[in-house]
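Below: one structure, written as structure tokens.
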Amino acid sequence: MGKKFAIDAINEYFYPLPTLMENKDKVIQELFTRLEQLSRQQKVFQEEIQKLQQQLQVLRSSEAEPVSVSKPSETLKPELKAQTFATPQSVPAQKISQPVIKKAKAPWEEFIGTNLLNKVGITVLVLGIAFGVKYSIDHELINPLTRIILGYLLGIILVGIAYRLKSTHAGFSAVLLSGGMAVLYFVTYAAYSFYDLLPQPMAFVLMVLLTGFTVLAAVQYNLEVIGIIGLVGAYAVPILLSDGSGRVVILFSYITIINTGILFLSFKKYWKGLYYLAFILTWLTFASWYAFSFESGEHTAISLIFSTIFFLIFYTAFLAYKLIRREALGRLDVVCMLLNSFIYFGYGYLALDSLENGDQYLGLFTVLTALMHFAGSVIIYKTQESVSDIFYFVAGMVLVFLTIAVPVQLEGNWVTLVWAAEAALLFWIGRSKGFATYEKVSYPMIALAFLSLLQDWSNRYPDFYFYAYDQDLTFRIFLNVQFLTSMVVGMSMVFIMWVTRQYPGRSAFRAASGLNNVVLVGIPLLALVVFYGGFYKEIEAFWHNRYAASRLTINGSEGVEYDQYNTSLLNFKVVWLIIYSAIFAGFFFLVQWKFPKPLFAFACVAMNSLVLFTFITAGLLALSDLRSAFLEQELVEYYSRNGWHVLIRYVAILAMAPLLWYNWKLVRQEYFKAEARMMEDLFFHFAVLALLSSELIHWLDMARVENTFKLSLSILWGTYALFLIVLGLARDQKHIRLAAIILFAVTLLKLFAYDMSDMSTILKTIVMIILGALLLTASFIYNKYKRSAANETQ
């Protein structure tokens, strides 16, 4: 079966089955020919592999074992007779041997003998020299000049031996060279620090020469470790040779020279470790100087100049690695790039801010930082054939610093406006041009604009108790900058939603991904919050402003002055905010009805329910306070107590009524489960009962009927419970019937635990007779329905 399957696969691949059967002998011959060609190619490849391994063996150090390679497989010589192919099933399987390259193993013995011993040996040798020098110093065996000369000779000898062994023992030679350079560094330091045999300038020049020689040796050896040793030694120079003079210009100039060498190496060698080490040492040195020696005014220019030079060197080195090597952007690259940019920006910001009027230049400095990144993005765009992730990253840094420049230089609403416009522009470019990175960058900008708007609302719309006595209370509702800012932010999100509908297939995220769903839902939700909040804050500020303006200073009965406010204005504020919320919820319902979405329907039901619940709790309480103020005419000599205190009630109820219908309509849609419909039914009857109870109390108060609301409410609740029993039986809705039973229980509990405590005997009799009759009627209807249902079942 295996042979048959292989032959069938070959046949179907090269020829259709009818053609194969007609030209069987021809096909067999062609297959033999192809097999011969593949076999010859295999032999050529194996010979090439052997040559390459021989060349590698020559380049390796003598201690390393040659890479073992299996012998090339013999050329295949198929000697199959034509008659064996009488049928396709009779073709024998031909095994084709493949070249197997065995990886060279590095046993522990080889690792220790060829790699570890030489490094330990040179370390021990250098330490031995150090101990010998110390012993000679302690016992005064050799004079200082002789010690230094011998030290230099030893270092030079090690370097000479290293170069002598370079061609045959490259690894061992590199270790000797590193040790020799370490000896020369130490001897130079000893000649300057211990014996004063070298003046500081000469020691400085010698250290620079040693560093340059180490870097050149690293290039010649093509070994990064030598460059790292030279770099560490170079950065150790100012520490070792420091005399406490505080000449920071010389220090930073020296570091600049070293980093320029690193920049040169970045164009020649792919030594990232060297780049990272230089980056860390440079900014650590700068940070330590800034923390302990920086003086505002005296060092500001030095800080700005050299931090800019360091930033540009590492920025250029970063681009060199990426552009010359055409390397993809990695996580560590992103981290280093961000650190380089923000460390530079942070110290520049601090240096400018320390000046007397430095805050005036902070925005300009931020824009200049963005322009340097912009120059980098232009270079990348000009030198690369196609737009890459490096270009997008650098361009993103331009946008980041332009974004930072806005709050640094501007204030208040301008920050929000610029960020909102920038977010809309980036999203439009990313979605319309297919640049996913721009679209992704726009999302943080949207979040920043939204958060900035929230901060503006907090700062620009103070509550009444934050108003100062001397504050200007002039307020023009909807005719102010803050309201315009809210509308601009909302329209920018509407624009983003429009662009999304225009280019549905160009999302920066996969269509089925969670991030894409978050974006599709999050942007409309933010737009909804912005528009709702913008009008809400205006209405709230209007009433707060009127409340603050109503302040009067009144002399009390004992000659004590106190501030008096029109508290009815705060109740009007609550009612009008709830009315506005109901209107907004109705508008949202119309939008959902025009563009039906399950998630929007759920949100609409939740919003309607929240508004209704708020009205039942806070709204009805505020209306009750307004009614009381109208009836009692408190402080009427100062404040108006007109009919609006009563009429506003029915404006609010008229605004609430459609929400009940909206919920009933929405939950009947197919994507709502039966449990949701049950919950909506219960909430509907709860809201209706609350409104009826409030209306009953309202008219009893208006009629000046006192102490009767207890009895009236109990009768109302019992009647409504009976109505629910009838309704639940008629529609066969068990949850309605259960709600009626619970309402009966609550009514009875209220009656015995609260109502009857201070009720007269005649009232107790009336209410108990009425409730008893209602309970009996409900029981009769319930039993009659159950009996009828049982008879129908039988």
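Which number comes out as Rg/Rh for the stretch 166-210 once both Rg and the Kirkwood Rh are worked out on C-alpha atoms? Don't skip to the answer; put the middle values down first.
Working: Rg = 13.4 Å, Rh = 11.6 Å.
Rg/Rh for the stretch 166-210 comes to 1.16.
Counting only Cα atoms, I'd like the Rg/Rh figure for the stretch 592-720, Kirkwood definition for Rh. Write out the running numbers ahead of the final one.
Details: Rg = 18.1 Å, Rh = 16.7 Å.
Result: Rg/Rh = 1.08.
Give, in nm to one decimal, the length gained when the segment between SER296 and LEU153 is fully stretched (0.36 nm per residue of separation minus the Cα-Cα distance). List each step's numbers first, then the result.
On the way: separation 143, 0.36 × 143 = 51.48 nm, distance 4.76 nm.
Taking SER296 through LEU153 to full extension adds about 46.7 nm, to one decimal.
For the pair ASP359/LEU599, report the inter-label distance in nm, with labels modelled 7 Å from Cα in the Cβ direction.
In this crude spin-label approximation the distance works out to 4.2 nm.
Full extension from VAL529 to LYS750: what is 0.36 nm times the residue separation minus their Cα-Cα distance, to one decimal in nm? It would help to have the intermediate numbers written out before the result.
Values: separation 221, 0.36 × 221 = 79.56 nm, distance 4.11 nm.
Difference between extended and current length: 75.4 nm.
Using a 1.4 angstrom probe on the protein heavy atoms only, could you order ILE653, ILE28 from most to least accessible area? Present the calculation step by step, with values, prior to reporting the outcome.
On the way: ILE653 45, ILE28 20 Å².
Ranked list, largest accessible area first: ILE653, ILE28.
Once ligands and nucleic acids are excluded and a 1.4 Å probe is used, how much of TRP289 is accessible, expressed in Å² to the nearest 10?
Counting only protein heavy atoms, the figure is 20 Å².
For a quick protection proxy, order the peptides 503-509, 530-536, 157-163 by their average other-Cβ count within 10 Å, most packed first. Numbers along the way, then the final one.
On the way: 503-509: 14.7, 530-536: 20.0, 157-163: 18.1.
Going by the mean number of other Cβ atoms within 10 Å, highest first, we get 530-536, 157-163, 503-509.
If I model the stretch 299-455 as equal point scatterers sitting on the Cα atoms and use the Debye formula, what is log10 I(q)/I(0) at q = 0.15, 0.18, 0.19 Å⁻¹?
Taken in order of the listed q values, log10 I(q)/I(0) reads -0.88, -1.17, -1.25.
Please list, in order along the stretch 595-604, the HN-Hα scalar couplings obtained from phi with the Karplus expression 6.51 cos²θ - 1.76 cosθ + 1.60 (θ = phi - 60°), rounded to whole Hz, x for Gly and Pro.
With the stated coefficients, the stretch 595-604 comes to 10, x, 9, x, 5, 5, 5, 4, 5, 5 Hz.
Could you order SER432, SER167 so the one with the most accessible surface comes first? Probe is 1.4 Å.
Values: SER432 15, SER167 105 Å².
Solvent-accessible surface, decreasing: SER167, SER432.
How much accessible area per residue does the stretch 501-546 have, in Å², with a 1.4 Å probe?
Values: 2490 Å² over 46 residues.
Result: 54 Å² per residue.
At R0 = 45 Å, how high is the FRET efficiency between PHE32 and ALA511 if r is their beta carbon distance? Nearest 0.05 is fine.
Numbers: r = 52 Å, r/R0 = 1.15.
Using R0 = 45 Å, I get an efficiency of 0.30.
With every protein chain in place, what's the accessible area of PHE264 (1.4 Å probe, Å², nearest 10)?
Ignoring ligands and nucleic acids, PHE264 comes out at about 110 Å².
Please calculate the 1.4 Å probe accessible area of ASP563, with all protein chains present, and give it to the nearest 10 Å².
Around 60 Å² of this residue is reachable by solvent.
Can you give me the % of accessible surface on the stretch 469-585 that is carbon or sulfur? Probe 1.4 Å, all protein chains present, nothing else counted.
Values: 3900 of 6340 Å².
Roughly 61 percent, rounded to a whole number.
How would you order 486-499, 31-44 from highest to lowest mean count of nearby Cβ atoms within 10 Å? Walk me through the intermediate numbers first.
Working: 486-499: 19.9, 31-44: 13.5.
Ranking the peptides 486-499, 31-44 by packing returns 486-499, 31-44.
Probe radius 1.4 Å, ligands and nucleic acids left out: which of THR188, THR617 has the largest accessible area, and how do the rest follow?
THR617, THR188
Find, among the chymotrypsin sites (Phe, Trp or Tyr not before Pro) in the stretch 555-639, those assigned to loop by DSSP (not H, G, I, E, B) with at most 15 other beta-carbon atoms within 10 angstrom.
In loop regions of the stretch 555-639 (DSSP not H, G, I, E or B), the sparsely surrounded chymotrypsin sites (Phe, Trp or Tyr not before Pro) are TYR638.
Give me the percent of the accessible area of the stretch 387-433 that comes from carbon and sulfur atoms, probe 1.4 Å, all protein chains in place.
Details: 1290 of 1780 Å².
Exposed carbon and sulfur together represent 72 percent of the surface.
Run the numbers for ARG551 and ASN222: contour at 0.36 nm per residue of separation, minus the present Cα-Cα distance, in nm. Could the numbers behind the result be given before it?
On the way: separation 329, 0.36 × 329 = 118.44 nm, distance 8.35 nm.
Difference between extended and current length: 110.1 nm.
Please give the FRET efficiency for VAL521 paired with ILE379, using the beta carbon to beta carbon distance and R0 = 35 Å, rounded to the nearest 0.05.
On the way: r = 40 Å, r/R0 = 1.14.
With R0 = 35 Å, the Cβ-Cβ based efficiency is 0.30.
The values are calculated or read from the model by the stated rules, or taken from the named source; none is laboratory data. Owing to the predicted nature of the structure, the values given are computational and were not obtained by experimental measurement. As a convention, Cβ positions derive from the backbone with ideal geometry for all residues, glycine included, and neighbour counts pool all protein chains shown. Please note that ligands, DNA and RNA were not included when accessible areas were found on the heavy atoms of the full protein model with its side chains. Shrake-Rupley method; radii C 1.70, N 1.55, O 1.52, S 1.80 Å.
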